[in-house]
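The values are calculated or read from the model by the stated rules, or taken from the named source; none is laboratory data. Here the structure is a predicted model, which means the values were calculated and not measured. Please note: Cβ atoms are built from the backbone with ideal geometry, for glycine as well, and neighbour counts cover all protein chains shown. All accessible areas refer to the heavy atoms of the entire protein, side chains included, with ligands and DNA or RNA removed. Shrake-Rupley method; radii C 1.70, N 1.55, O 1.52, S 1.80 Å.
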Amino acid sequence: MSGRSFFHEGDRVGVLTTQPLDRVLDYTAPAGGCHLGAFVEVPLGPRRVIGVVWGPGQGDFDSARLRPVKRVLDVPPMRAEMMDFLGRAADYTLTPLPAMLRLATRAPGLGDPPSMRRIYRLGPATPERMTSARERVLAVLEEDDAVYTLGELAEAAGVTSSVVKGLVKHGAVLEAETPRDLPYPRLDATLPGKALTDQQADAAADLRARVAEGCYATTLLKGVTGSGKTEVYLEAVAACLARGRQALVLLPEIALTAEFLARVRDRFGVGAAEWHSGATMTERRRLWRMVGQGGAQLVVGARSALFLPFRDLGLIVVDEEHDTSYKQEDGVLYNARDMAVLRASLNDAAVVLASATPSLESWANAEAGKYARRDLPARFGAAVLPEMAAIDLRAEDLPGGRWVSPSLARAVEARLAAGEQALLFLNRRGFAPVTVCRACGHQIQCDQCDTAMVEHRFMKRLMCHQCGETKPIPETCPACGVADRLAPVGPGVERLAEEAAALFPEARIAVLSSDLFGSARALKARIEEIARGDADIVIGTQLVAKGHNFPLLTLVGVIDADLGLQGSDLRAAERTFQLMRQVAGRAGRAEKPGVALLQTHQPDHPVIRAILAGDEEGFWRAEAAERRAAGVPPYGRMAGIILSGPEPRPVFDIAGRLARADAPLRAVGAQLFGPAPAPIARIRGRHRVRLLVKADRAVPLQAALADWARQVKLPPNIRLTIDIDPQSFY
Ligand code: ADP
Ligand code: ZN
């Protein structure tokens, strides 16, 4: 990028657009000139598109034919560090820059001029004739100093808008124009926080000091569930706001936002700005503009908030940093945790990675001294970590089609008798994962994917968890035509609920599974009811493992602790360890101690033993040693390559040609595995072939991969995706 930061009218400028082109396009700067980073509208063929002035023009295009930039948008130019961030993120994830820019321009109405709106306030005059409708309007305006539009005021007062207009005519109500997008209310960083325990205060002082230094640093904040990590990192937020810088808190799930906002209100007097798919267009537009102007101090959001145009970002918190939802699995394949660290390092910002069960990557970075680490080993107040034990399913009398062992059932009974809550955890949505024909053995598959259809009895349909396709449950077998022999095989939460209802007829049972709720709001409302005691037995998927508080819950029963250990995923052990500890952490949050019981067929499996022993450092050390020996992340580098197309043959042909053209990979010492059919060999009708590349940590893998992928020209209907540091291996 050049040192020039301003271009005069007629200067040649390079504009990066969000169009899928492989280069920056040249234009001339408009009348009045434009800054480096300016958001502009440019003509492209017959259309006008939005772009960013990325630098001086390259000059290889006939200057006589250059077209001028149409106009400069009325938003602050993209900052140099943001341009740098997008460039590096694109290089790291092997994403074309236009796709990266698209992430950074997801602002509804970005091209619109700043719009005004008319608001209504109390005026000095009194109308000659007072009616009850007029009184109501004035009462609404007297009540607080909220800002009302005509429609809002009329609705709040329960009158028609002509009543308001009448008051305006008399001077009793005033009209004024204000910008549509107003700054967010200011947070008060001087309010006192909760009195912290010594351990919490120590960690908080440390984080405050790092934020105060105003340079890049990452801290892994590890603390068991309920140890007060949120309280502690809110202190880092306070330090950041006190310095006049902005803070971003990333959460893995929208449903956690409301609880977090309540904590922010407690701590700083007002809430934070929200950025996620549940926010309205108006709010997103306001937030995007306000973070650029410094009118939003604290943003809480989903991973895409990393691409907001912060004016001065001083702190990024990644809560539940191990959570797999931080990895975007379609479109641009990026890990928000890693990108948070990258962005912070370019912004002189601090990072806090908070988790009870950090990812092995972060644990290893802390071991290696790249990240600082602070531990909060104790739970706050009287709460203690649950006692953990295995239920050896080999020794239990459990008939086919039943999943709650007699030992677990007795433990649940005891909780019910004591008036406490129990959670039965099963990470499977629906009624049964597989439906087979008892006559011919046929398994009902998705028409578009190589996966079994999952019965959802609640919806009375079969559903494919890959593509979302549903179909009615057939009465006769689609293969052999025999009637009434289709049977569910295996448990899902709905089936478990049925079993629990039979075992504990008196109990109030609640099922928490994402597909059973129409909206995040409905789900959150239900979670709150349950937390207040409106259920005796909670049956849930991994949804319940994520940060929600259930103070009355004292027993967690894990139906199938072995579930995650199957399969070839390199993170299977790590995931199971994290998930089991997260779920167990739901028990005994308040004053009552909790118990977690894990049903397993392999009580001697090293992962199960590590979970039960609670020896976290021991688990990570063993896991780290294995990964180091295998040369896999975080000790080696990996890329997953998927080729897909409508017909299997051409996909295999291209994959074979790519495999033979592996010279650029061999040149850097990287190893290529495959091609092989992907574990799910067909999704949405596309046949999938997988290759895997492994290399030493020090290898410049991205450049080699880019060279390699260029060797083979893809036919238009075949897609190639390269996933750096893959998290999933389907
Ligand atoms: P974590 O984020 O580690 O799960 P939280 O910060 O949510 O822990 O704390 C768990 C609960 O304990 C919350 O209800 C929180 O308000 C409370 N808590 C933690 N530390 C304190 C403290 N120092 N004073 C009062 N309440 C606290
Ligand atoms: Zn499908």
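Quick notes on this structure:
- Length available on full extension from VAL482 to ALA262: 0.36 nm per residue minus the Cα-Cα distance, which gives 73.5 nm.
- Relative contact order for the stretch 6-104, counting Cα pairs under 8 Å that sit 6 or more residues apart, in percent: 31 percent
- Label-to-label distance, nm, for residues given as SER325 and ARG117 (7 Å Cα→Cβ offset): 2.9 nm
- Two-site label geometry, ALA242 and ARG12: point separation in nm, points 7 Å out along Cα→Cβ: 5.3 nm
- Share of carbon and sulfur in the accessible heavy-atom surface of the stretch 116-179 [1.4 Å probe, %]: 51 percent
- Once C-alpha pairs closer than 8 Å and six or more residues apart are averaged by separation and normalised to the residue number of the stretch 567-677, the relative contact order reads 14 percent.
- Accessible area expressed per residue, the chain, with surrounding protein chains retained (probe 1.4 Å, Å²): 43 Å²
- The peptide list 498-505, 236-243, put in order of mean Cβ contacts within 10 Å with the highest first, becomes 236-243, 498-505.
- For the chain, the 222 nm mean residue ellipticity estimated from helices alone, with every DSSP H stretch of n ≥ 4 adding -39500 (n - 2.57) and the total spread over all residues, rounds to -9500 deg cm²/dmol.
- In terms of its C-alpha gyration tensor, the stretch 6-104 comes out prolate, because a/c is 1.5 or above and the ratio a/b outweighs b/c.
- 19 Å Cα-Cα threshold exceeded, pairs from LYS222/LYS370; LYS229/LYS546; LYS222/LYS546; LYS194/LYS370; LYS327/LYS546: LYS194/LYS370
- Fraction of accessible area attributable to carbon and sulfur, the stretch 229-354 (%, probe 1.4 Å): 46 percent
- Sites ALA501 and VAL270 - FRET efficiency at Förster radius 60 Å, r taken between beta-carbons, to 0.05: 0.85
- A Förster distance of 35 Å, applied to the separation of the beta-carbon atoms of CYS215 and ASP188, puts the FRET efficiency at 0.85.
- Computed lengthening from ARG532 to GLU177, 0.36 nm per intervening residue step minus Cα-Cα distance: 123.3 nm
- Label-point gap, in nm, between ARG684 and GLU128 - each point 7 angstrom along Cα→Cβ: 6.8 nm
- Relative contact order [Cα under 8 Å, 6+ residues apart], the chain, whole percent: 10 percent
- Computed from point charges on the beta carbon alone (+1 for Lys and Arg, -1 for Asp and Glu), the dipole magnitude for the chain about its Cα centre is near 1800 Debye.
- Calculated SAXS-style log₁₀ I(q)/I(0) at q = 0.22 Å⁻¹ - the stretch 637-724, Debye, Cα scatterers: -1.01
- Shape category assigned to the chain from the gyration tensor of Cα positions, a/c cut at 1.5: oblate
- Length gained on full extension, PHE458 to SER63, computed as 0.36 nm times the residue gap minus the Cα-Cα distance: 135.7 nm.
- Computed FRET value (nearest 0.05) for THR282 with ALA525, which takes r as the C-beta separation and R₀ as 22 Å: 0.40
- Accessible area of the stretch 637-724 belonging to carbon and sulfur atoms, whole % at 1.4 Å probe: 54 percent
- For the stretch 188-309, convex hull volume per residue from C-alpha positions, Å³: 111 Å³
- Cys residues of the chain counted as unpaired, since no other Cys beta-carbon is under 4.7 Å: CYS34, CYS215, CYS240, CYS467
- Convex hull per residue volume in Å³, alpha carbons only, for the stretch 116-179: 73 Å³
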